[in-house]
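Structure first, then comments.
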Amino acid sequence: MAYVFCNQCGHRNPPGASFCSSCGAILDMPDERTVVIAKVDPMQDAPGSQDNATIRLGDVHGLGVLVVRSGEMTGSRFTLSKATTQIGRHPDSDILFDDITVSRRHAEVVSDSGGLVIRDLGSLNGTYVNQELADLSPLKHGDELQIGKFRMVFISKSDVLS
C-alpha cells in the first residue's frame, strides 16, 4: 500500500486520497499531473493559442513518450518502450513520418545505461535536440526533438517524479 504524504503538513494519507485528512490541503498526485504542450506556429516559430497537445503523466508508460507539437499530427503520441526505436519515412519504422523532409531511416532512440539517447542515422536534414543539430544526444524530460518538419517533446515520467 503506497501512502500519500501531504506537502503542507507531512501527514500520511491513505492511497487515492485527494485532500489531506489533517490540514485539508490538496495532495500532490504525480500520476494526475497534466503536461500541456503549446502548439508551434511554423510561420512565426511562436506558440499558438489553439489545439495544444496535452498528456497526463499517468498515461506515460515505457521509457518515455514523444508528443508531436506541430503540423497535422499535433497531439500524436509515441511510446518509447523498445531498446531501440526507429524513426523515419520507411514503412518498417517504429515511428513513421510520411513526409519528404524525413529520411527513410532518419534517426533512432536508444536505451542505454544512462537513459535514452537520440542518434541521427545520416539523415539529409539532420536531427535537432532543443534546436541544435545533434548526431548523438541524451534525451531529458522536456527536450524538444525535431525530425524533418515534425517537432516533438520528450516526456519522461521518471525524470519528473525523481
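Here are the numbers for the structure shown:
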read-out	value
Close pairs (6 angstrom Cβ cut-off, 6 or more residues apart or separate chains): under 10 Å from Gly62 (Cα atoms) in the range 80-91, of a type in the set (Val, Ile, Thr) and modelled with pLDDT of 95 or more anywhere	Leu80/Val109
Filter result for the condition that a residue is open to solvent by 70 Å² or more (accessible area, probe 1.4 Å) and either among the hydrophobic types (A, V, I, L, M, F, W, C) or modelled with pLDDT under 90 (or both), over Gly114, Gly142	Gly114
Residues that are on the phi > 0 side of the Ramachandran plot and more than 13 Å from the chain's Cα centre (by Cα), drawn from the range 132-149	Gly148
Strands (runs of 3 or more DSSP E) fully within the range 102-147 counting 1 or more residues that are aromatic (Phe, Trp, Tyr) and closer than 18 Å to Ser70 by Cβ	127-129
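The values are calculated or read from the model by the stated rules, or taken from the named source; none is laboratory data. All figures in this text were calculated on a predicted structure; none of them were measured in a lab. All Cβ positions, even for glycine, are placed from backbone atoms using ideal geometry, and neighbour counts span all protein chains on display. Heavy atoms of the whole protein, side chains included, go into the accessibility calculation; ligands, DNA and RNA do not. Shrake-Rupley method; radii C 1.70, N 1.55, O 1.52, S 1.80 Å.
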